[in-house]
Every structure is written in structure tokens, then in C-alpha cells.
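The values are calculated or read from the model by the stated rules, or taken from the named source; none is laboratory data. All of these numbers come straight from a predicted model, not from anything done at the bench. Note that we place each Cβ from the backbone using ideal geometry, even for glycine, and neighbour counts take in every protein chain shown. Side chains included, ligands, DNA and RNA excluded: accessible areas come from the protein's heavy atoms. Shrake-Rupley method; radii C 1.70, N 1.55, O 1.52, S 1.80 Å.
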Amino acid sequence: MARKYEKLAEEIIKNIGGKENVISLECCITRLRFRLKDEDIADTDKLKSLDKVLTVVQNGGQYQVVIGTDVEEVFKEILEYQGVHTVDGIGFNDKDKSRRPLDMFVDTVSGIFTPVLGVLAASGMMKGLLALLVAFEILQTNGGTYKILNVVSDAFFYFMPMFLAYSAAKKFKMDNEFTAMAIGAALVYPSLSEIRSGEVLYKLFEGTVFASPVHIEFLGIPVILTNYASTVIPIILATWFASKVERFFARIMPPVFKSFGVSFCTMLLTIPATLLIVGPVATWLGQAMGAISVTIFNISPMIAGLFMGSLWQILVIFGIHWSFVPIMLNNFATLGNDPVLVVIFTASFAQIGVVLAILIRTKNKKLKGIALPAFITGIFGITEPAIYGVTLPRQKYFFISCIGAAIGGAVVAFFGIKAYVFGAMGIFEYPTFINPATNDLSGMYDGIIASLIAFGIGFALTFPIYEDEGEDILQEKNISENSSE
């Protein structure tokens, strides 16, 4: 019995130059992210013509085959039956000097965050739903149901350093990912919180922006303890450092001791070094990043909203949009909310406004068949099918969606909407605008208004002017002739 995606997987592997041309393969929400030994031998035009392949994007050192919502099934088919095995990229350790720093950065960030995006979005949705239930007084915060659901929603975010440690260890090619997880666990170990809330021995850097209380010393060296729960930058830097330490001891350790000795030495050096140096420096760096992003944004929020809103879908095309995730997560950890990247959330609504107008106006049955599922997935924030299948091939309508997204972003900035947790996209993002401290629903209502404005602009600018042209008319003619035979 033939498997559903067997033929597609075979064609993809054949046209990227065979499995021997694959360095690494990762699965994103809508695309297969290959790193190839030689992109020139891949048949890009043939890949683009395959059924179920929306397009191919070459960017950031990655050869990205955009599939859409069926991407996970295709990914599994490639792994299980086509003989292609993922070989993790090596991020900062990459020896290929021809790769640009930006390419390496995008590749590293996507490699670390892509594996956890699903559970990250799911946990954010749960936190948003819980805030909604409290705001409408369906649940009380002192009730058992709320407390259990709060554990469900908050566990991933609290222990996020452990999850990122695992994916970062794979990206930095550590031999033992669980060593990295132990380092992440050390950062959120409960007794550190108890120590941090205890007696202050003295303060370091008093009178500066880096003023820090010291609660404990290690070998006479002051330890600056910060709250590492939900943080991003400290564990990534710590894991990168650990990968260097692990490789060093793996080279010099006698084979009889390697099974435990390498992990022992790596943890013994990395955890104190992280608590003493890496963690505080990374925390200050994160706080500076958060403050800088907000300062730049506050210079002119509406202009920032216009700019980021108009740019977002272009970033999606090149597959580098997920590289902005660390900025948002860092703002959550350091500021408690994100007022900056939230401006891009209306982009998906502008896109589906354009798609709906095309869906109604077009006479091309094939285009209707593409536009309808693209509209539905776009409601939930997955816009690649809409972009690659509908608007981008008809360029002016893609730019109309960018106009709607830009105005929507400006409206978000005007209302001062903030996201309080990372959630899913599209309509599932509304509850993330509820302030959990005050249960204030105004941010959610403002978000709904902003998304409707972006949707309305996309629809209103497209509907009066859309006409099937060129390939659309030819396809419709072919469909009609075939159906009459």
C-alpha cells in the first residue's frame, strides 16, 4: 500500500541532489530547512513545480522547501523511508568561513528554537486562555482548577532553560545533550531562589546600572544570582561554552573514564562559570537589549509599527522571521511584556483579507482551490500557503497585504497593545494581550480592532481591482476544456 507522501518525498530528495547532498535537515512549521553541500546541483525549478510544494527559498545558508501544513508528514516520510538522517548544524562552531555572519546567526537561532516552537505556542495559548477565564470570572485564582491549569501553562516557560539547553546542545554538536540539560536545571534549581531572597552580604557595582546584591560566595568569589526562569540568552551562551569544554575533555580524557568523566568535568566547570560570569553578563545583555528595543520603539511607535508591519511578510518569504523570537522572549523575561514585536501580529489578517477578496472574485477553479485552504490556515496565523500560493505570484496583491499589515502595525502601536506571553498566531494571539496582573481585557479588544482594520484594508483594496490575468485565465481555460472532453 502506497504511503501518502512517498512519491513527494522521493521527488524532493531526488531534486535536491540526492541524500548524499544533505548536510542537515530541520522541520519548521511550514517548511523543510535543508543545508546542502552544493545548492547548485539542486533542481529548484523542478521542485517548485511539484504538487504540494509551494516554493523554494534559498537564504541564510539554508535551502528551504516550503510545503505548508503537511510539512511534518513529509518530514517523517523523508526520515523514515528515504534514508536521509538529520545531521545537526554546528552554529557558532561552523568551519565554513564563506558563510556570512547573518547566515550563521539565522541558522543557529532557527536550529535552537524550531524544535520547541510547538510546545512554546501551546503553552502560550494555555496562558492566554487561562487569563481569559479569570478575566470573565469563570475561574478564581485561588481555586484548585486554576492552580492546576496554571501549572500546565507555566511549566514550560519556567523551565525553558532546560528545553533550550537540549536544542542548543544539538545545534552546537555536544556529544551528551543531557549534560546541557543539567546545566539548564542548575540555573532554575529551587534553592537558588531561596538564597536570592535571603540576607544580602554586600553589593557590587553600587551606584551604577549594574548594581547587584551578593547573597553568596563561591571559593571566596561573589556570585550574582539572578532569576533565570524563562530566560533565553544565559542558557544559550552557557551551552555554547559547555560544548567547547566538553570537546576539550573528550580529547584528553582516558577512554575508561569518558562515559562519566567528560560530563563530570563539563558540569563542574560550566555551572560555576555560568553562575559567576556567563549568567550575570548574559542577563545584563538581555536587559540592555530589552531596554534598547523599547527605547527605539518609543521614539515613534507608529512609525515603528508601520515599518515592522510592512516588513514582516517579506521576512517570512526569506524564512528568517523566527530569528526574531529570541527578542520577544527576552522582552518577556526582562520587561514582563513585549510592546515591540507585537506590532507584526496583524500581518496575517491583512494577508487573508487579500486572499478572501481574490477567492470571491476569481473564476479560476484551481486558484479557488488554493485560496480557500490558504484563507483558513491564515486565520490561525499560518500565511505561507496564502503568500506563496496566492498573493506573491500576483505581486501587486502581495504588496497590498503589506500595506494592510503596515497600517495594522501602526494601529497596534497607537493603541499601545502589549503581549504578555508568547502564544500561537492569528486569532489565538488575542488572549495574549490580556494583562495577567490586572485581568484587563482592553488590550485584547484593541487587538481585535487592529486585526479587523488590517483585514478590511487588504480586502477593500483588492476586491474592486482584482481580475484574473495571464496564467489564471489560461488555467481556467484548460480546466474548462478538460472537463468538457
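Things worth noting here:
- Convex hull projection area averaged over all views, the chain, Cα basis, nm²: 28.6 nm²
- Neighbourhood net charge (15 Å Cβ-Cβ; Lys/Arg +1, Asp/Glu -1) for Lys418: -3
- With Cα atoms, 0 to 90° folded angle of helix 395-415 axis to the chain main axis: 40 degrees
- Rounded tilt (10° steps) of 258-273 against the dominant C-alpha axis of the chain: 80 degrees
- Folded to 0 to 90 degrees: helix 6-15 orientation relative to the chain principal axis, Cα: 80 degrees
- Projecting the Cα positions of His215, Val390, Thr226 onto the charge dipole of the chain (unit charges on Cβ atoms of Lys, Arg, Asp and Glu, taken about the Cα centre) puts His215 furthest along the positive direction.
- Sum of side-chain charges, Val342 neighbourhood, beta-carbon under 14 Å (Lys, Arg +1; Asp, Glu -1): -2
- Just the protein heavy atoms count here, and of the accessible area of the chain at 1.4 Å, carbon and sulfur take up 65 percent.
- Computed from backbone phi with θ = phi - 60° and the Karplus coefficients 6.51, -1.76 and 1.60, the 3J(HN,Hα) list for the range 135-147 is 4, 8, 6, 7, 10, 10, 5, 8, x, x, 4, 4, 5 Hz; x is used for glycine and proline.
- Calculated FRET efficiency for the pair Asn298/Phe218, C-beta based, R₀ 41 Å, to 0.05: 0.60
- Coordinate range of the alpha-carbon atoms in the range 334-377 per principal axis, descending: 51, 14, 9 Å.
- Considering only Val56, Gln313, Ser193, the residue lying farthest towards the positive end of the dipole of the chain is Ser193, judged by Cα position with unit charges set on Cβ.
- Where only C-alpha atoms are counted, convex hull volume of the range 309-439 per residue in Å³: 94 Å³
- Segment Tyr189-Lys37, extension gain: residue separation times 0.36 nm, minus the distance between their alpha carbons: 50.5 nm
- A 1.4 Å probe run over the range 361-420, with the rest of the protein chains in place, finds 40 Å² accessible per residue.
- Contour minus Cα-Cα distance for Arg196 and Leu50 (0.36 nm per residue): 46.8 nm
- Accessible surface ranking for Trp240, Trp284, 1.4 angstrom probe, highest first: Trp240, Trp284.
- Around Gly447: net Lys/Arg minus Asp/Glu count, Cβ-Cβ under 14 Å: -3
- About the centre of its Cα atoms, the chain shows a dipole size close to 500 debye [charges on the beta carbon of Lys, Arg (+1) and Asp, Glu (-1) only; nearest 20 debye].
- Amide hydrogen neighbours beyond the local backbone of Leu204, cut-off 5 Å, H modeled: Ser212, Val214
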